[in-house]
1. Would you pick out the residues in the stretch 106-159 that are under 13 Å from Pro86 (Cα atoms), of a type in the set (S, T, N, Q) and part of a loop (DSSP other than H, G, I, E, B)?
2. Scan the stretch 54-65 for residues that are within 29 Å of Glu152 (Cα to Cα) and either surrounded by 12 or more Cβ atoms within 10 Å (Cβ to Cβ) or touching a residue at least 60 places away in the same chain (Cβ under 8 Å) (or both) and report the count.
3. For Thr135, all conditions in the list (1) touching a Leu at 6+ places or on another chain (Cβ under 9 Å); (2) surrounded by fewer than 17 Cβ atoms within 10 Å (Cβ to Cβ); (3) among the polar types (S, T, N, Q); (4) modelled with pLDDT of 95 or more hold save one; what is the number of the exception?
4. Can you pull out the strands (runs of 3 or more DSSP E) entirely within the stretch 1-63 that have at least 1 residues that are at pLDDT 95 or above and touching a Pro at 6+ places or on another chain (Cβ under 6 Å)?
Amino acid sequence: MTIKSDKWIRKMASEHGMIEPFEPGQVKQKDGHSIVSYGTSSYGYDIRCSDEFKLFTNLNSTIVDPKRFDSNSFVDVKSDICIIPPNSFALARTVEYFRIPRNILTICLGKSTYARCGIIVNVTPFEPEWEGYVTLEFSNTTPLPARIYANEGVAQVIFFEADEVCETSYKDRNGKYQFQQGVTLPKI
């Protein structure tokens, strides 16, 4: 496997629509204000989170069960910021829509700006031929409320090219999260 560079990312985004909308450089300011950067980096792409959040709540005192997840465990929030309560979490989705080539696997890691504040960004790999908006999970590990900024960078996607094409892709096996559009809850 090889890690793909900024040149490859720009080519795949422009010629194959791998990332839409796509930012070919690094954006660090918006309207004259510093922001958490997003866009193409040396060996990856810094993704943004949209203004659609699902904020975890324990109002219903339900058990968190990935096989029988209760959607009432979340409150929908549409805002430029999301305040995550202490020791809680929120789901969001990316601004960017991804189309992953058959010979590519990605790993997504949270940006250090958030990690240094005790906010962990968790995203599973984007498998070969997966397509959709990415569902993001933000865990606030601190005893204080934490703020997430919409339309700013939250994590970096690193692209790995396989030495050979996989026999069965995510698309081939009709993966349950294929073509997801909004913040997507667990499915079985």
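1. Listed by number, the residues that qualify are Thr141, Thr142.
2. Total satisfying the criteria: 4.
3. (2)
4. Filter on the stretch 1-63 gives 33-41.
The values are calculated or read from the model by the stated rules, or taken from the named source; none is laboratory data. Here the structure is a predicted model, which is why all the values come from computation and not from measurement. Glycine also receives a Cβ, built like all others from the backbone with ideal geometry; neighbour counts cover every protein chain displayed.
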